[in-house]
Amino acid sequence: VFDACRTMSEAGFRLIVITNQAGIARGYYSEEDFRDLTEWMVNEFRKNDVDIDGVYYCPHHPVHGTGDYRRECECRKPGPDMILRAAREHGLDLRHSILVGDKATDIEAGRTAGVGCCVLVLSGHALSQADLKKADRVFDDLGGVADALANQRLCTGRND
């Protein structure tokens, strides 16, 4: 993961994490716990010469949340709000950005936000053939994404 992310960073891409955190909504862990883990993760990447430029998360769940966390919101993927917020705050041109996700909702959020290239990495989540076809490219792992990017073949055309 560190090597792949370093390759992307060296190619001039900013690395931004966009994540649903239903565990907060369900009461499995607190927002403070998530922030502590995120700080540790960012530091681990930094130790490996990779900068994470931002982390955006949604703590809500419309069905399984408790208290104020149980609600419909626009930030939860497949909603585009976290991506749009990151674009505003980091000055990103989404048409020339790449979203790498491991769920169909990631690809849907990227499409809705206007991300130019949406890449799906297989990670064991159940995906239909229709889900796979929504992505511009599909890879077995993040290393494949980095290799395609390094060889300038990541988003030169759909499924190339």
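The values are calculated or read from the model by the stated rules, or taken from the named source; none is laboratory data. All values reported here derive from a predicted model rather than from experimental measurement. Note that each Cβ is placed from the backbone with ideal geometry, even for glycine, and that neighbours are counted across all protein chains shown. Please note that ligands, DNA and RNA were not included when accessible areas were found on the heavy atoms of the full protein model with its side chains. Shrake-Rupley method; radii C 1.70, N 1.55, O 1.52, S 1.80 Å.
Laid out as a table, the results:
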item	result
Pairs, first without any contact (Cβ under 8 Å) to a residue 24 or more places away in the chain in region 15-33, second open to solvent by less than 40 Å² (accessible area, probe 1.4 Å) and not hydroxyl-bearing (Ser, Thr, Tyr), C-beta under 7 Å, six or more apart	Tyr29/Gly23; Ser30/Ile24
Residue match in region 67-81 (condition: out of contact with any Gly (no Cβ under 9 Å at 6 or more places or on another chain) and in contact (Cβ under 8 Å) with a residue 40 or more places away in the chain)	yes
Selection count, region 29-65, where residues are touching a Ser or Thr at 6+ places or on another chain (Cβ under 7 Å) and assigned to a helix (DSSP H, G or I)	0
Options Arg111, Arg76, Arg153; residue that is touching a His at 6+ places or on another chain (Cβ under 7 Å) and either surrounded by 12 or more Cβ atoms within 10 Å (Cβ to Cβ) or under 20 Å from Ala25 (Cβ atoms) (or both)	Arg76
Test result for Val55, open to solvent by 70 Å² or more (accessible area, probe 1.4 Å), in contact (Cβ under 8 Å) with a residue 12 or more places away in the chain and touching a helix residue (DSSP H, G or I) at 6+ places or on another chain (Cβ under 9 Å)	no
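To keep it simple, each residue is scored yes or no on (1) surrounded by 13 or more Cβ atoms within 10 Å (Cβ to Cβ); (2) over 21 Å from Gly101 (Cα atoms).
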residue: Val17; (1), (2): yes, no
residue: Asn20; (1), (2): yes, no
residue: Ala25; (1), (2): yes, yes
residue: Glu32; (1), (2): no, yes
residue: Asp36; (1), (2): no, yes
residue: Met41; (1), (2): yes, no
residue: Lys47; (1), (2): no, yes
residue: Val50; (1), (2): yes, no
